[in-house]
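Below: the structure, in structure tokens.
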Amino acid sequence: QVQLVESGGGWVQAGGSLRLSCAASLRTSGNYAMGWFRQAPGKERTFVAGVNWTGSGTSYADSVKGRFTISRDNAKNTMYLQMNSLKPEDTAVYYCAADRSLGISRDASAYDYWGQGTQVTVSS
């Protein structure tokens, strides 16, 4: 079992930056691909970014490419999402997730464990 806890959300003006963190409970988190998803009110949960289990491979949604950077530190059992040049349309609850497979999936149903989410609000 893996427990995930997100932090770092908050309110920011458009153009600003935030850094999200996702702390995993077990050392075996290093064997999991991990990802960030987001869900805006009234919308489905969508893929934001993913990182493979070594941290050497990443994938991004087109809407955040060039603005967001995903990374992980397996020694600290923590994954990060650096979000720059934030836009009002980035407003959502952001969730981290872990997938027991080694590759990156953009499909939320592929992920086995989820955090509770952290709110990100970007004002115009």
**OP:** Identify the trypsin sites (Lys or Arg not before Pro) of segment 1-90 meeting these criteria: DSSP loop state and at most 15 other C-beta atoms within 10 Å of the C-beta.
**Re:** Lys43, Lys65, Arg67, Lys76
Original post:
How much solvent-accessible surface does Leu18 expose, in Å² to the nearest 10, with a 1.4 Å probe and all protein chains in place?
Top reply: 30 Å²
**OP:** Determine the gain in length on full extension of the stretch Lys43-Ala75; use 0.36 nm per residue of separation and subtract their C-alpha separation, reporting nm with one decimal.
**Re:** 8.0 nm
Subject >> Residue-by-residue Karplus 3J(HN,Hα) for segment 77-88, coefficients 6.51, -1.76, 1.60, Hz, glycine and proline x >> reply: 6, 9, 10, 10, 9, 8, 10, 10, 6, 5, 10, x
**OP:** Jot down the per residue volume, in cubic angstrom and as a whole number, of the convex hull over the alpha-carbon atoms of segment 55-124.
**Re:** 109 Å³
Original post:
Which log10 I(q)/I(0) values, to two decimals, does the chain give at q = 0.18 Å⁻¹ under the Debye formula with one point per Cα?
Top reply: -0.85
Original post:
Could you state the principal axis extents of the C-alpha atoms in segment 1-60, from the largest down, to the nearest angstrom?
Top reply: 36, 24, 21
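The values are calculated or read from the model by the stated rules, or taken from the named source; none is laboratory data. None of the values given here were measured: they were computed from a predicted structure. Positions of Cβ are generated from backbone atoms using ideal geometry, with glycine treated the same way; all protein chains shown enter the neighbour counts. Surface accessibility is based on the protein's heavy atoms, side chains included, excluding ligands, DNA and RNA. Shrake-Rupley method; radii C 1.70, N 1.55, O 1.52, S 1.80 Å.
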